[in-house]
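All remarks here apply to the structure that follows.
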Amino acid sequence: MPLVNFSNLDFDQVKTTLKEYLQSNSNFTDYDFEGSNLSSIVDVLAYNTYITSYNANMVTNEVFIDSATLRENVVSLARNIGYLPRSRKAAQATISFFVDTSSVTPTPSTIILKKGPVVASQGSFGGSSYVFSILDDITVPVVDNIATFSNITVHEGTVLTSNFVFSSRNPNQKFIIPNAGVDTGLLNVTVEPNANSVNVTQKYNYSLQDSLLDVKNNSKVFYLQEIEDEQYQIFFGDGIFGQKLEDGNFVTVDYIISSGSSANGVNAFDFSGRIVHQVAGAGQNRTETPITSGISLVTSNIKATGGESIESVESVKKFAPRIYASQNRALTANDYETLIPARIYPETESISVFGGEELVPPQYGKVFISIKPRSGDFLPNLTKDNIKNKLKKYAVAGIVPEILDLKYLYVECTSKVYYNSNLAPSGGVVSSIVQQNSTKYADSTELNKYGARFKYSKFLNMIDNSHDSITSNITTIEMRRDLRVVLNAFAEYSIGFGNEFYIKSMSGYNIKSSAFRVTGIQDNVYISDIPNTNRVTGSLFLFTLPSSNSTSPTVVRRNVGTIDYQKGIITINPIVVQSGKQKDGQSIIEMSACPKSNDVVGLQDLYLQLDISNSTFEPIVDQISSGLNPSASNYTVSSSFANGSLVRGGGTTAGTTLNTTSTTTGTTY
């Protein structure tokens, strides 16, 4: 009888299959397979089969990029489809200092900051010290005995150098950088005719190339691939795609070994570099004298940012097939969402791309890109321009990319948390635990990205499971946008929430705002709405209140704008705003509304966040569960509908002087 069951992978199942096979054989009819020596032989056979099947399963898994787990296998599979994983990135900072050369003899006309370490973190940062370096010498002039090094960009890490001599007689020669943690964006590769070259004009810089496009037979380029242990191997051209190395060529590779994201945030530095001045000679014959005095304190203009760990295995699995599918061309929204983080701007934390045809009114021929960087909230204009320039070699002719500023859509919650007082030390403990768990949820990947969705039922479940004493919760939510205003100028504003508004009352006051001042009205004003009979659109009006908690509003100006409840868009007609609420140095008006669906979505370029600082978690004793009031005659009932005051707290308290009559148009979605 042959073995017929080949699907068993468990040891006990394999052993049982072998025993059944042997028992069916007439030669082993009288054997005791449990107590005889034959049982040990069956165990060995079962173990051998088990180990073989396990190894075969693991080997098969490592053949496919979706199931592979070892980094070197995932990277190798990604290499087959032309994907180079992102390397570790060194944090960079901008520093300035000056050198007083009055004591230097002879008086130098220029001084040189040598490549290598420049500054070190002052004291200990996060329990470690970090060195920041430069890859090339920096020469500055001396004016009135002062040499100023201004806005120098330094990178965290140690500068190392690897040298190679190319030999055509060694067909298996490899140029491998023998260190892990290399920032490939800072590689400096030069090639000289031989190791003894003294003519600097024969020293050529080679640039990193990631494709074969626009590469000629004499292009001085090199290619890169990741190998085992997070090291990198350098390739040069073959005379067709890139210039081919000649026998004896001397290759120098300068690179930085970085700590990645660990140095992000360093902003205090001590000088640790080497400054020299040239006394005589030129090239290799020049004499350099070190300068060790007259060096000022180092000031940091921009703290260290941009440090990142090497691209994770999960990220490689995600982006490698998508890069291959895009074929290095930006045509669809998915192409842009893949190419920008992987090829153009690796500091992207989240990205949203949509075509102009999706807007109202449509803007054909445009693609709108909104990027959340890993550090900060907004992209500098220079970074935006660099991204658009790099997109040109991927974009299709006739499509114009537009990079939009980040726009937050905040979710605020008001939660009444009922708890059994017999199972909790106090209501404060319950409230604190709920807030901690809500903060974790607010920081999770469920939110904090484009296209995110606030999952109401999941949030309620998280609150209920925060503590054993919690019996239930009544939670209401609101959406908020911060409208940035132009002070003392006529401007029209439009702000979109990307979610349909809920109309609580046809009498109005469905939206709320913080206080602000407008020209022609002496008091603080607020803005609200009154729906039209179609329950689709409505009009806006300004009103005042004796106090923020008052329920006796006075309407002071009608028809100041429109509201579209279905699209979630508020439009304010041209108006002169004199002052508003201050946030991060900007004048804003906070505007909030109740969503029709409690599952709030971050639509298009809206970056969804749960605002814990403006959320409340009020503990209420569940008198029924606690046994204090079993009949529920005095049970505290909480409303399931958002209500409260007519306005938001905070805002302006004093007006400003109107100093311009220019007319501008501000639009915020």
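The values are calculated or read from the model by the stated rules, or taken from the named source; none is laboratory data. If you're wondering where the values come from, they're calculated on a predicted model, not measured in any experiment. As a convention, Cβ positions derive from the backbone with ideal geometry for all residues, glycine included, and neighbour counts pool all protein chains shown. Surface areas here come from the heavy atoms of the whole protein model, side chains and all, with no ligands, DNA or RNA. Shrake-Rupley method; radii C 1.70, N 1.55, O 1.52, S 1.80 Å.
Points to keep in mind about this one:
- Within region 229-367: Cβ-based charge dipole about Cα centre, in debye rounded to nearest 20 (Lys, Arg +1; Asp, Glu -1): 280 debye
- For Gly242, distant residues with modelled amide H under 5 Å away: Lys216, Asn217, Asn218, Ser219
- Taking the charge dipole of the chain about its Cα centre, with +1 at Lys and Arg Cβ atoms and -1 at Asp and Glu Cβ atoms, the residue from Tyr502, Gln586, Pro108 reaching farthest to the positive side is Gln586.
- Exposure rank, largest accessible area first [Lys440, Lys372; 1.4 Å]: Lys440, Lys372
- Counted by Cβ distance under 11 Å from Asn163, the other residues give a net charge of -2, where Lys and Arg count +1 and Asp and Glu count -1.
- Computed from phi, the 3J(HN,Hα) profile of region 84-94 under the Karplus parametrisation 6.51, -1.76, 1.60 (θ = phi - 60°) reads 9, x, 5, 7, 5, 10, 7, 5, 10, 9, 10 Hz, with x in place of Gly and Pro.
- Measuring between their Cα centroids, region 37-106 and region 620-640 lie 57 Å from each other.
- The chain - mean residue ellipticity at 222 nm from DSSP helices (-39,500 (n - 2.57) per run, n ≥ 4, rounded to 500): -5000 deg cm²/dmol
- When you filter the chymotrypsin sites (Phe, Trp or Tyr not before Pro) in region 300-393 for DSSP loop state and at most 11 other Cβ atoms inside 10 Å of their Cβ, you are left with Tyr364.
- The shape of region 128-237 comes out prolate: with a ≥ b ≥ c from the C-alpha gyration tensor, a/c is at least 1.5 and a/b beats b/c.
- The residue list Gln623, Val266, Ser432 was ranked by how far each Cα lies along the charge dipole of the chain toward its positive end, using unit charges on Cβ atoms, and Val266 comes out on top.
- Restricting region 59-149 to trypsin sites (Lys or Arg not before Pro) in coil, as DSSP defines it, with at most 14 other Cβ within 10 Å: none
- Split the accessible area of the chain by element, probe 1.4 Å, and carbon with sulfur accounts for 49%.
- Gyration tensor verdict on region 574-616 (Cα atoms; rounded if a/c is under 1.5, prolate if a/b is larger than b/c, oblate otherwise): prolate
- Antiparallel beta bridges, as assigned by DSSP with both residues in the chain, represent about 85 percent of the total such bridges.
- Taking the Cα centre of the chain as reference, the dipole from Cβ charges on Lys and Arg (+1) and Asp and Glu (-1) amounts to some 2080 debye.
- Long-range amide H partners of Asn510 with built H, under 5 Å: Asp529
- The charge dipole of region 110-181, taken about its Cα centre with unit charges on the Cβ atoms of Lys, Arg (+1), Asp and Glu (-1) only, comes to about 400 debye.
- Across region 564-574, computed HN-Hα scalar couplings (Karplus, 6.51 cos²θ - 1.76 cosθ + 1.60, θ = phi - 60°) run 10, 5, 6, 8, x, 10, 10, 10, 10, 5, x Hz from first to last residue, x flagging Gly and Pro.
- Positive dipole terminus of region 141-273, leading residue within Ile152, Gln225, Phe250 (C-beta point charges): Phe250
- Note that region 122-251 presents 55 Å² accessible area per residue, ligands and nucleic acids not counted, probe 1.4 Å.
- Between amide H atoms placed 1.01 Å from N, distances below 5 Å from Leu208 occur with Phe222, all of them 5 or more places distant or on a separate chain.
- Whole-Hz Karplus values for region 50-59 come out as 4, 5, 4, 5, 5, 4, 5, 5, 5, 4 Hz, taken residue by residue from phi with 6.51 cos²θ - 1.76 cosθ + 1.60 and θ = phi - 60°; glycine and proline positions read x.
- Shown here for region 22-108: GluC sites (Glu not before Pro) in loop regions (DSSP other than H, G, I, E, B) with at most 10 other Cβ atoms within 10 Å, namely Glu34.
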